[in-house]
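Student: My structure is below; once you've seen it, I'll send some questions.
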Amino acid sequence: MAKVTSKLQLTIPKAIADQYGIRPGDKLEWIPAGDAIRVVLSKPQRRKGRTLQARLAVFDQATERQRQREATSVPAEIPAESGWKPHEVARGWRREDLYTRGRSR
C-alpha cells in the first residue's frame, strides 16, 4: 500500500511500475471514476536515443580509449625531487602555472 506524502506525492510500487513499463518522467493521468480514481499512463513517449546494445558499444569504445590514454600518458616513475605529481606530468602543466601564465614577472 502506498502512502501520500505531505506534498501530496505518491510512490508507485516497483512491481506495478515494472509491469506497466512506468519510468521516471512518464506522465500519468488521474481520472475520477465514481468512488475510485483511475490512473492511466499517458501516451507512451517514444524513448529517444540508442538501444542498450548501441550504448554498451559506445561505452566499450570510450573505455578502450581511456585505457590507451592511461597506458601512454603517465610515465612509470617520476623522481620525487622533481616536485611534479603524475597527473601534472601527463598534462604538462601545474596549477601554479595558471596564476603566472601571461604575466610579466
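Student: Going by the conditions given, is residue 13 under 26 Å from the mean Cα position of the chain (by Cα) and exposed (fewer than 10 other Cβ atoms within 10 Å of the Cβ)?
Tutor: The answer is no for residue 13.
Per-residue answers, yes or no, for (1) assigned to a helix (DSSP H, G or I); (2) in contact (Cβ under 8 Å) with a residue 60 or more places away in the chain; (3) not hydrophobic (A, V, I, L, M, F, W, C):
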residue: 25; (1), (2), (3): no, no, yes
residue: 39; (1), (2), (3): no, no, no
residue: 54; (1), (2), (3): yes, no, no
residue: 60; (1), (2), (3): yes, no, yes
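Student: Just need a number here: residues in segment 16-42 that are among the basic types (Lys, Arg) and under 26 Å from the mean Cα position of the chain (by Cα).
Tutor: Count: 2.
Student: Inspect segment 71-82 for any residue being at pLDDT below 90, farther than 23 Å from residue 20 by Cα, surrounded by 11 or more Cβ atoms within 10 Å (Cβ to Cβ) and in contact with a Lys or Arg (Cβ under 6 Å, 6 or more places away or on another chain) and give the result as yes or no.
Tutor: Checking segment 71-82: not a single residue is at pLDDT below 90, farther than 23 Å from residue 20 by Cα, surrounded by 11 or more Cβ atoms within 10 Å (Cβ to Cβ) and in contact with a Lys or Arg (Cβ under 6 Å, 6 or more places away or on another chain).
Student: Scan segment 62-75 and report the pairs whose first residue is closer than 18 Å to residue 92 by Cα and assigned by TED's automatic domain parsing to the domain that holds residue 91 and whose second residue is in a helix (DSSP H, G or I) and at pLDDT below 80, with Cβ atoms within less than 7 Å and a gap of 6+ or a chain change.
Tutor: Going by the 7 Å Cβ cut-off, the qualifying pairs are 73/90; 74/86; 74/89; 74/90; 75/89.
Student: Here's another thing I want to ask about it. Report yes if residue 60 is exposed (fewer than 11 other Cβ atoms within 10 Å of the Cβ), modelled with pLDDT of 85 or more and not basic (Lys, Arg), otherwise no.
Tutor: Spelling it out, residue 60 is indeed exposed (fewer than 11 other Cβ atoms within 10 Å of the Cβ), modelled with pLDDT of 85 or more and not basic (Lys, Arg).
The values are calculated or read from the model by the stated rules, or taken from the named source; none is laboratory data. Remember, it's a predicted structure, so these values are computed and weren't measured experimentally. FYI the Cβ positions are ideal-geometry reconstructions off the backbone, even for glycines, and counts take in every protein chain you see.
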